[in-house]
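Following: one structure in structure tokens, then a few remarks.
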Amino acid sequence: ILDTYTTGLEMFSNIRRFFKFIHWLYLQYLLNTALYMLEPWERLLFSTLLIGILSTAIYSAFVFLPHHVRSLMQLIS
Amino acid sequence: MIDSITSTVHEKIKMDKNNYKYDCELLTNNEDDLQSEEFEETPLYAAVLTYISYAILCLFGWLRDFLRQSNIETKRGAIDPNASLGFVPLYQSYESFYTRNMYTRVRDIFNRPIASVPGPQFELTERLSDDYNWTYRFTGKTIRAINLGSYNYLGFAEKTGPCATESMNAIKSFGIATCSTSSETGTQRYQIELEQLLATFLGVESCIAFGMGFATNALNIPVIASKGDLILSDELNHISLILGMRLSGASSQTFAHNDMNDLEKKLRAAIVQGHPRTNRPWKKIIIVVEGVYSMEGSICRLPQLIELKKKYKAYLYMDEAHSIGAMGKHGRGIVDYFNMDTKDVDILMGTFTKSFGSAGGYIAGKKSLIDHIRINSHANNYATSMSAPIVQQIISSLHLLSGPEGKKRIYQLADNTRYFRQKLVDMGFIIYGNKNSPVVPMLLYMPARVTRFNREMLRRGIAVVTVGFPATKLLEARVRFCLSAAHTRQMLDAALKAIDEVGTDISIRYSTRHEHRRLRDISSEK
């Protein structure tokens, strides 16, 4: 069995690559939704609305989905 | 009837809706096919994301318009002076909405002023904006960049060299202004020399030259066509041709781009049915095409066009603005490229702006046609005739083109075209058009990617021209590279390296027919 450990220096470059990857993902988000062309306050507005809608949807799914699925199963059986 | 019988091209190239396969049993190899063109379809995800981008831009446009209307924000653009007096509003069309809210946001990538001669490398003035492109301030510095946007196909845009010296000497002998129209006292000796030289260069009987290329089309189509004629024009023709058709008063129909089946159908319908209500026969039918379409990079199908025109006895008008000088073994245009007879094309038109490094346009054909145009054309009777240094530049470049220096330029341009296009296609970008056309459109689709591409390329020292909505269809925003004989292999390699980097950074490798590869992988293979 061969165990490989990252040395201290390699960890820095990995963290830098990770941040670069996050930056690249953020750039893709800006480019695909045309937020790249908008002013900073418009970007903030749109991102806030998007995160608000998404988080509300996810929270509702977490809270209500198990109950809905259980009652559906009871209806079927 | 022209039918597509067999397709002997390589299996990898699929049939596009525009890809017309003609009777090509003589061709065994795709390399010899002068008409092989590719127009890959838009990928679905790119189309969806482009529509989403425009929807978001539209929403924010409405928001900003509302803020400007209710005076929460100051109005920066054109203001209607009579808005409060109950007049009909001046600015309501979608185009001004588009201009205010989408074009102005990224206006710094268009219309950049240049500070030197537009050769293969040039200087751009640096301009910065503090208020999101409503106003600019010039810092006074210039940016040196490789020029992939000028129509400098043969590299004649230079300020030193034999052409420039002879143009300066022409100013000393003839002055600058002719102060008259061509039909009065404005026809100078150099104009006659130019027309004769151009006629021998193209292999036609006679030729006439005008001072403006756009006006050559717009003011001379009314001379050859009038009410009672039918003009069949390609759907992607330039606005100068469309303006000329409208001014002439002739009826016009468009046929699908480069689609010879559609053209034949319309020709047959026109000959059989005649005018729409009275069914009288058309006096004449003129087919108007361009040699090289600059937004698509495609070449007109000249052999099939000549076959059609001879069969149905129509006239052919070919606008060789982008192809004269750039295509063909001797630089004589599309007729030379396909090795056909110039007598088959009735009216050859071209401009001097692109390959000859000058300004103006010409029409060439039979002597009777040119004499008729000389008497009846508004551009000849009312426009000032061409100026001495401009004509001398064209004459010098024509002399150069006939000699060995010209051959070198033509071969260099063809070499650059093949190399650049092949590398881009191998990397996995979607490139439209014929593999021999020096205009290389690369598709980017989304408006944000277009602006990012342009800015990142300029940061790396390459100036490109990106075009978006009104000039192209809404979905198909593109960047158009114009190659030149003056570009060296090193410049093209620098450009390819930059395109590779930026292409990976913003992921614009959309092609599904070719593998996506990095430039270093392609170079290491060869």
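The values are calculated or read from the model by the stated rules, or taken from the named source; none is laboratory data. Everything quoted here is computed from the prediction, not taken from an experiment. Note that each Cβ is placed from the backbone with ideal geometry, even for glycine, and that neighbours are counted across all protein chains shown. In case anyone asks, the SASA skips ligands and DNA or RNA and just uses the protein heavy atoms, side chains included. Shrake-Rupley method; radii C 1.70, N 1.55, O 1.52, S 1.80 Å.
Between segment B:133-208 and segment B:313-332, what's the alpha-carbon centroid distance in Å?
Result: 20 Å between the Cα centres.
Which Cα, out of B:Ile499, B:Tyr151, A:Ile15, lies furthest along the positive dipole direction of the protein assembly as shown (beta carbon charges, K/R +1, D/E -1)?
A:Ile15
Using a 10 Å cut-off on Cβ atoms, rank the peptides A:56-62, A:40-46 from the highest mean neighbour count down.
Per-residue Cβ counts within 10 Å, averaged per peptide and sorted highest first, yield A:40-46, A:56-62.
Long-range amide H contacts for B:Gly361: which residues qualify at under 5 Å (H placed 1.01 Å from N, peptide plane, sequence gap of 5 or more or a different chain)?
Long-range HN contacts for B:Gly361: B:Phe210, B:Gly211, B:Met212, B:Gly213, B:Phe352.
What residue among B:Ser206, B:Thr135, B:Ser402 has its Cα farthest toward the positive end of the dipole of the protein assembly as shown, where the charges are +1 on Lys, Arg and -1 on Asp, Glu, each on the Cβ?
B:Thr135
Quote the accessible area belonging to B:Arg455 in square angstrom, nearest 10, computed with a 1.4 Å probe and with ligands, DNA and RNA left uncounted.
That residue has around 70 Å² of solvent-accessible surface.
With contacts defined as alpha carbon pairs under 8 Å and 6 or more residues apart, what's the relative contact order of chain B in percent?
Over chain B, the number comes to 18 percent.
Give me the inter-chain shielding for B:47-56: mean count of other chain Cβ atoms within 10 Å, whole number please.
3
State whether chain B is rounded, prolate or oblate according to the following rule on the C-alpha gyration tensor (a ≥ b ≥ c being the square roots of its eigenvalues): a/c under 1.5 gives rounded; otherwise a/b larger than b/c gives prolate, and the remaining case gives oblate.
It comes out rounded by the Cα gyration axes.
Of all DSSP beta bridges in the protein assembly as shown, what percent run antiparallel (nearest 5)?
Rounded to the nearest five, the antiparallel share is 60 percent.
Excluding same-chain residues fewer than 8 positions from B:Lys283, which aspartates and glutamates have a Cα within less than 12 Å of its Cα?
B:Asp229
For segment B:449-526, what mean projected area does the convex hull of the alpha carbons give, in nm²?
Seen from a random direction, the Cα hull of segment B:449-526 projects 6.3 nm² on average.
Over all residues in B:505-513, what is the mean tally of Cβ atoms on other chains that come within 10 Å of each residue's Cβ?
Across the residues of B:505-513, the mean count of other-chain Cβ atoms within 10 Å is 2.
For B:Leu59 and B:Glu166 in one chain, what is 0.36 nm times their gap in residues minus the Cα-Cα distance, to one decimal in nm?
Computed gain between B:Leu59 and B:Glu166 is 32.8 nm.
Partner chain Cβ atoms within 10 Å, averaged over the residues of A:36-47 - can you pull that number for me?
Taking all residues of A:36-47 together, the mean is 4.
Nearest 500 deg cm²/dmol is fine: what mean residue ellipticity at 222 nm does chain B get from its DSSP H runs of n ≥ 4 alone, each adding -39,500 (n - 2.57), divided by its residue count?
Using -39500 (n - 2.57) per qualifying helix, the result is -12000 deg cm²/dmol.
In nm, to one decimal, how far is the B:Lys313 label point from the A:Leu50 one, both placed 7 Å along Cα→Cβ?
Between B:Lys313 and A:Leu50, the simple spin-label model gives 6.4 nm.
What does the charge dipole of chain B about its Cα centre add up to, to the nearest 20 debye, if the Cβ of each Lys and Arg holds +1 and the Cβ of each Asp and Glu holds -1?
With Lys and Arg at +1 and Asp and Glu at -1, about 800 debye.
Give me D for segment B:115-270 in µm² s⁻¹, whole number, from Stokes-Einstein with Rh from the Kirkwood sum over alpha-carbon pairs, 37 °C and 0.692 mPa s.
Roughly 160 µm²/s, to the nearest whole number.
Could you sort the peptides A:22-30, B:441-449 by per-residue average Cβ neighbour count (10 Å cutoff), highest mean leading?
Packing order, densest peptide first, comes out as B:441-449, A:22-30.
Between segment B:415-436 and segment B:342-400, what is the C-alpha centre distance in whole Å?
If you average the Cα positions of each part, the centres end up 32 Å apart.
Between B:Thr142 and B:Thr342, what is 0.36 nm times their sequence separation minus the Cα-Cα distance? Round to one decimal in nm.
67.4 nm
Have a look at B:Ser70, B:His330, B:Leu424 and report the one farthest towards the positive end of the charge dipole of the protein assembly as shown, computed about the Cα centre with Cβ charges (Lys/Arg +1, Asp/Glu -1).
B:Ser70
Report the gain in length on full extension from B:Leu128 to B:Asp493: 0.36 nm times residue separation, minus Cα-Cα distance, nm rounded to one decimal.
128.5 nm
Given H placed 1.01 Å from N in the peptide plane, which residues other than close sequence neighbours of B:Gly149 have an amide H under 5 Å from its amide H?
Counting only residues 5 or more places away or on other chains, the set is B:Cys482.
Which whole-Hz couplings ³J(HN,Hα) result when phi for each residue of segment B:341-348 is put into the Karplus expression 6.51 cos²θ - 1.76 cosθ + 1.60, θ = phi - 60°, listed in order with x for Gly and Pro?
Taking θ as phi minus 60°, the curve returns 8, 5, 5, 6, 8, 6, 10, 9 Hz for segment B:341-348.
Would you please give the FRET efficiency between B:Phe66 and A:Ser71, computed as 1/(1 + (r/R0)^6) with r the Cβ-Cβ distance and R0 = 56 Å, to the nearest 0.05?
Efficiency at R0 = 56 Å is approximately 0.80.
With each run of n ≥ 4 DSSP H residues scored as -39500 (n - 2.57), what mean residue ellipticity at 222 nm is computed for chain A after dividing by its residue count and rounding to the nearest 500 deg cm²/dmol?
It comes out at -29000 deg cm²/dmol, rounded to the nearest 500.
Starting at the first residue of segment B:155-165, write each ³J(HN,Hα) from the Karplus equation 6.51 cos²θ - 1.76 cosθ + 1.60 with θ = phi - 60°, in whole Hz, x for Gly and Pro.
x, 8, 7, 9, 9, 10, x, x, 5, 5, 5
Per residue of segment B:388-393, what does 6.51 cos²θ - 1.76 cosθ + 1.60 with θ = phi - 60° give for ³J(HN,Hα)? Whole Hz please, x for Gly and Pro, Karplus curve as stated.
Using θ = phi - 60°, the values come out as 4, x, 5, 5, 5, 4 Hz.
To the nearest 20 Debye, how big is the dipole of segment B:117-186 about its Cα centre, given +1 on the beta carbon of each Lys and Arg and -1 on that of each Asp and Glu?
Here the size comes out at about 180 debye.
Sorted by accessible area (1.4 Å probe), largest first, how do B:Tyr153, B:Tyr45 line up?
B:Tyr45, B:Tyr153
Which FRET efficiency value, to the nearest 0.05, do you get for A:Asn14 and B:Ser507 by plugging their Cβ-Cβ distance into 1/(1 + (r/R0)^6) with R0 = 22 Å?
That gives a FRET efficiency of 0.45.
Which of B:Lys227/B:Lys309; B:Lys141/B:Lys354; B:Lys435/B:Lys497; B:Lys354/B:Lys408; B:Lys159/B:Lys407 have a Cα-Cα distance over 23 Å?
Table pairs above 23 Å Cα-Cα are B:Lys141/B:Lys354.
Taking the mean number of other Cβ atoms within 10 Å as a proxy for protection, how do you rank B:355-362, B:459-466, A:11-18 from highest to lowest?
Top of the packing list down: B:355-362, B:459-466, A:11-18.
On average, how much accessible surface per residue is there in chain B, in Å², for a 1.4 Å probe, leaving out ligands, DNA and RNA?
With the other protein chains kept in place, chain B gives 46 Å² per residue.
With charges only on Cβ, +1 for K and R and -1 for D and E, what is the dipole size of segment B:160-248 about its Cα centre, in debye, rounded to 20?
Dipole magnitude for segment B:160-248 comes out near 240 debye.
Rounded to the nearest 0.05, what FRET efficiency do B:Ile239 and B:Glu515 have when you use their Cβ-Cβ distance and R0 = 25 Å?
Computed FRET efficiency for B:Ile239 and B:Glu515 comes out at 0.05.
Please give, to one decimal in nm, the separation of the simple spin-label points placed at B:Arg189 and B:Ser96, each 7 Å out from Cα toward the Cβ.
A separation of 5.5 nm, rounded to one decimal place.
Shape of chain A from its Cα gyration tensor (a ≥ b ≥ c, root eigenvalues): rounded if a/c is under 1.5, otherwise prolate when a/b > b/c, or oblate?
Because a/c hits 1.5 or more and a/b fails to exceed b/c, chain A counts as oblate.
Starting from the Cα of A:Phe62, step 7 Å along the direction of its Cβ; do the same at B:Lys265; then give the gap between the two resulting points in nm.
5.9
Which percentage, to the nearest 5, of the DSSP beta bridges contained in segment B:244-389 is antiparallel?
40
May I ask for the accessible area buried between chains B and A, both sides summed, probe 1.4 Å, to the nearest 100 Å²?
Summed over both sides, the interface buries about 1900 Å².
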